[in-house]
Amino acid sequence: MSAHPSPEPSIARRRPGNAGFSLVELMVSVVIGLLALVFATRLVVSGEQNKDAAVGGSDSMQNGMLALFSLSGDAADAGWGLNDTMLAGCDTAFSDNNGYQLAVGQRGGANITPLAPVVIQSNGGNSDVVSFQSGSSQTAVGSTRLVTNYVPGESTLTVDSRNPYDFNVGDVLVVAPITPGARRCTLFQLSGFGIGVNGNQLQVASGVDFPFNPQVGLTTAYPLNVSYIYNLGTAARLHFHTWSVQNGILRLRATDMPGSAGQGASVIDNVVSLKAQYGFDNRALADYDPNTPGNSAAQASTASGMRIGVWSSTMIDADNDGVVGGTGDYQRIGSVRLAVVARSKTAEKPDSSGQCRATTVQPTVFAGAAPATVAAAPVQVNVAVPGDTVDWKCYRYRVFETIVPIRNAQWRP
């Protein structure tokens, strides 16, 4: 009896190691892979967010420092050529065919346009508008006197000397009364010279080369012997600058920067606020050096130096003459305190509740007493940018502050 051969073993039995993955094993592998991908993605996103925060902080630091450096440079030069008591604080008529306008101040509740080292248009918690003014003449406060009455509309002004020293065609001149506040000052350009029977004549003509002369002649009458003409230097270097912040951008209007006189030029982005305060010397007249010639209630002593006694965002009656914003008050400005608030370039995302918490309280500037004997006048700043769809709390902010002495206010003739 023959035996039947046994059947061949199946492939699965012969190769038990090649049976493959079960469905459960495959699903577990997919889940593990997805989890690893999620963790890797979160790690990359977190790294990018940290980098953006670091770069944004660096940007705000750079922007804030650059903005403050630019403002400080203007403040350090402010008042050059304007520090004579006939000019400082004088309400001035000025017109520019290129569109620049003098800053508006207040005197006794009325609007004026003063010639002063610094004019602050305070806006409470919102960003201020700050103007710095100076000339460029090497003779600084070189002046000449009117020797005939000037009638409005005349094309010449007759002065007491022929060919006044360092007066050149195209220079910016200011005619002022010898008694501060007696009448408005007028800023214009010298268009030429002419010799008359009574002496040297300074000509006032309009034209493309004289943008500060919109018409022939001036609109204010000036009597002889009590009116003086000062030279501020060439028009191309007339340093009238107005700084402001619009929609998160620091902007500059300037007489010496073509194309920026009217609308202004963008300077630095992500700057959300500019704040400024006057530093007044408000000592009483009895505290001044009595041996200094010309001391009056409207003048600070140039011998003993100016001392800051009060900080204010607006004009005050610093000389105690009963008028807020008088010529003497502008002559009492010894320094200016500046603050710039810059924000990060990138907004941080809201938390799980949908609220941004990068910044919870709006910053406060000028909170410290400087110098230590002068009380601080802190201001809380509104850092929200008009029209920005992102909540201001989603950004981080840096505050930059400095104090700049108005040195030219002390160097009076």
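Annotation: for a label point projected 7 angstrom from Cα along Cα→Cβ of T364, residues of the stretch 302-338 with backbone N closer than 20 Å are 310-314, 337-338.
With all pairs of different alpha carbon atoms counted, what Kirkwood hydrodynamic radius in Å does the stretch 164-271 show? Walk me through the intermediate numbers first.
Numbers: mean 1/r = 0.0629 Å⁻¹.
Value: 15.9 Å, from the Cα pair sum.
Could you put Y222, Y330 in order, starting from the residue whose Cβ has the fewest other Cβ atoms within 10 Å? It would help to have the intermediate numbers written out before the result.
On the way: Y222 24, Y330 30.
Exposure proxy ranking, most exposed first: Y222, Y330.
Here the scattering of the stretch 363-413 is modelled by Debye summation over its C-alpha atoms, one equal scatterer each and no solvent; at q = 0.15 Å⁻¹ the log10 of I(q)/I(0) is -0.64.
What is the gain in length, in nm to one decimal, between V324 and V104 on full extension, counting 0.36 nm per residue of separation less the C-alpha to C-alpha distance?
Numbers: separation 220, 0.36 × 220 = 79.20 nm, distance 1.42 nm.
That pair, V324 and V104, stretches by 77.8 nm at full extension.
Ranking S352, Q331, Q362 by Cα position along the charge dipole of the stretch 323-363, where only Lys, Arg, Asp and Glu carry charges on their C-beta atoms, puts S352 farthest toward the positive end.
To make sure I understand, if each residue's beta carbon is the centre and we count other beta carbons within 10 Å, what order do M86, M27 fall in, fewest to most? List each step's numbers first, then the result.
Details: M86 24, M27 11.
Least crowded to most crowded, the residues run M27, M86.
If you rank V118, V175 by fewest surrounding Cβ atoms within 10 Å, what's the result?
Details: V118 24, V175 27.
With the fewest neighbours first, V118, V175 line up as V118, V175.
Give me the dipole magnitude in Debye, nearest 20, for the stretch 323-413 about the Cα centre, with unit charges on the beta carbon: positive for Lys and Arg, negative for Asp and Glu. Mind dumping the intermediate values first?
Values: 11 positive and 6 negative charges, 54 e Å.
Roughly 260 debye for the stretch 323-413.
Every number here is computed from the coordinates shown, using simple stated rules; none is lab data. This structure is a prediction, so every number in the text was calculated from the model and none was measured. Because the Cβ atoms are built from the backbone with ideal geometry, glycine has one as well, and the counts that use them run over all protein chains shown.
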